[in-house]
Amino acid sequence: MANAVVHFEIPADDVARATSFYEKTFGWKIKKFQMPPGSQEYYSVITRKKGAPGIDGGLMKRNMPGQPFTNYIDVPSIDDMNQVVQANGGTIVLPKQEIGPNMGWISVFKDPENNMIGLHQAPPMPPKKRAAKKKTAKKQAKGARKARTAKKTARRR
């Protein structure tokens, strides 16, 4: 289904206290995430084993009083979705911004009920290397067939 919830963020006044709480309470693994220089410290929150149901998230120092727990929804285009959000009564509270190199972009809006919800747009996927290998293999096979056909034709003459 399109527009799935893909990430959550937990703001904390005391990051160490919050980390301890979530690790002890739920058994989550929380580790400092490598951010670009000058960025706020950020911690990845792993809530599940790879392949298991659920989503993972992040934890960071609270940026503003009352900053809520935020879920992020995956969208193909934040620019397009922000227009749809506003057309349906939502308010953009954090304009589109890049997260970090090759991490995509985020934006946050308030719905008409004052809930804050994040949007995430993934970066473009790099071209698949396998496709090039398949094309090369197909070309080689086609070339081998042509060579066999040419050899058979030459024998017949």
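The numbers here are math on the coordinates, done by the rules we state, and not lab data. Computed from a predicted model, the values in this text were never measured in an experiment. So basically every Cβ, Gly included, is an ideal-geometry build from the backbone, and we count neighbours across all protein chains shown.
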- Task: Treat the count of other C-beta atoms within 10 Å as a stand-in for reagent exposure and order 1, 35, 60 from fewest to most.
- Result: 1, 35, 60
- Could you list, in their original order, any pairs among 50/96; 61/96; 24/128; 24/96; 24/129; 29/129 whose Cα atoms are separated by more than 31 Å? 24/128; 24/96; 24/129; 29/129
- What is the distance, in nm, between label points placed 7 Å from the Cα along the Cα-to-Cβ direction at residue 73 and at residue 55? 1.0 nm
- Listed with the fewest Cβ neighbours within 10 Å leading, 6, 45 appear as 6, 45
- Radius of gyration and Dmax for the stretch 5-121's Cα atoms, expressed in Å? 14.8, 43
- Residue order, fewest to most beta carbons within 10 Å, for 5, 108: 5, 108
